[in-house]
1. Could you pull out the pairs from LYS340/LYS415; LYS189/LYS415; LYS382/LYS412; LYS281/LYS378 whose alpha carbons sit more than 20 Å apart here?
2. In straight Cα distance, which lysines are under 18 Å from LYS154, not counting same-chain residues fewer than 8 positions off?
3. Rounded to whole Å, give me the distance from the Cα center of the range 277-292 to that of the range 141-174.
4. Just the number please: accessible area per residue for the range 320-366, 1.4 Å probe, all protein chains included, in Å².
5. Probe radius 1.4 Å, ligands and nucleic acids left out: which of PHE207, PHE277 has the largest accessible area, and how do the rest follow?
6. Alpha carbon centre of the range 198-263 versus the range 362-402: separation in Å?
7. Spin-label point model (7 Å from Cα, Cβ direction): what's the LYS327 to SER112 distance in nm?
8. For the range 211-361, with all protein chains present and a 1.4 Å probe, just round the carbon and sulfur fraction of the accessible area to a whole percent.
Amino acid sequence: MHQYPQRPRPDDQPYGEFPHAQGAPPYEPAQHGSPRYEPPRYQPPQYQVPQYQPQQPHQHQQQQEPPADPPRRSRRKVWIASAVVLVLLAGGGAGWAYWKTDWFDGNGETVSYGTPPAAGGGSAGGAAAAPTPSGDPDVSLPTGPAAQFKQTGKLDDGTRISKTRLKGAKSGFEGDVWVWTPKEYEDPKYAGSGFPVLIALPGGNGFPNNYWADRSLGLQKAISEGVKKGTSLPFVVVMPVLNPDNKYYYDGSDIPGQAKMGTWMAEDVPAFAKANFRTYKSREGWAFMGNSSGAFVGLKQVMQHPDRFRAVIANGGEVVPDSPLWKGHQKEMDANNPEKLAQKLIDSKGPEVYVNFQYGTKEGGRARLEQFRQKYGKGPVKVTIHEIVGGDHNGWDYVRGMKEQGLAEISKLMKAPKPGNG
């Protein structure tokens, strides 16, 4: 079993957590030699609900040449400065205006998602009552009370990333949570429908920020592109902080004497999503995705709560707990060990869960994933391994893997929104 601090890796603190230079756009990775990749403008999607197909054994396919490795943290200021100069040279004042109206337009402003009830009942802000679902009893309309969201980022299709502060009713832990909803969420034809929720967890300590809230990694863009292609569901993405501090890893668990991060992740974060968004009551509406330490937490939560969560995309993660805070608490650590939890699921014959491991060929680590699949990938525990050719231990390459395979695979298992009321 790995012992702390072996889980952290040099590029496990990536990319998107560093403070942006004032007035400069968020850093985005270089692609094909350009200083900043600008995604294509939004085109109205032709939304298709992926149909479930029986899972087939994964076959490795030829991959395109991977993009250039991201610059290390020591070079970030150089990249930011270069982006500033290039944009200003290209458009002078127009370049500055572009940032102001496109990248930062609305940052700090209040964001509203539908009309969840305010505290004490009724609709928030005196707005019209939320639509009543019909036809699908699994749809869960926002229960309230409504959180106060502030915009932190804006994508080219007009969708926004926002942040709020959550005090967990069950865990007692208080931390920041970021959210993003796809364009379909605001489409009137889905006004009475639930949406699947993807809880996205960062690597590293994941405190005080969740780097998936930075548009530069492209997670939200990948989902939007998948929706247009019919390969991904339009997930509502919820991005909570992973740990209560930068000192230790808490393994997404209730370690005796510590902050109850297991309860925060399994109960408080989903309850927050249900309070503010149209979701589903069943586990077919709930999944995890995470990198490295966040991958472990997502894997553990799905194994531990198969009645609440259906699937996880685990990118470059560990498969056993290794926080130093478990010392003296072997019994509790075993109760949070994905291997032991998987065996318990096998012995009890369900319910069925799906694990999609991803790893990059530059980072290695396939052996432990193969070992987990061979020993525990049976019965109700479905395990696939996706190899990202040329991929390393970073968010950009993991998003590439999700575009290649991961999003499509979990979308076959999750519940899709339906036009009309249900």
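1. Details: LYS340/LYS415 28 Å; LYS189/LYS415 17 Å; LYS382/LYS412 13 Å; LYS281/LYS378 27 Å.
Correct reply: LYS340/LYS415; LYS281/LYS378.
2. Partners within reach: LYS100, LYS163, LYS183, LYS221.
3. The range 277-292 and the range 141-174 have Cα centres separated by 16 Å.
4. On the way: 2180 Å² over 47 residues.
Result: 46 Å² per residue.
5. Putting PHE207, PHE277 in descending order of accessible area: PHE207, PHE277.
6. For the range 198-263 versus the range 362-402, the Cα centre distance is 18 Å.
7. For the pair LYS327/SER112, the computed spacing is 5.3 nm.
8. Carbon and sulfur atoms account for 49 percent of the accessible area of the range 211-361.
The values are calculated or read from the model by the stated rules, or taken from the named source; none is laboratory data. As the structure is a prediction and not an experimental result, all values here were calculated from the model. For neighbour counting, all protein chains shown are included, and Cβ atoms are generated from backbone atoms with ideal geometry for every residue, glycine included. With ligands, DNA and RNA removed, areas are computed over all heavy atoms of the protein, side chains included. Shrake-Rupley method; radii C 1.70, N 1.55, O 1.52, S 1.80 Å.
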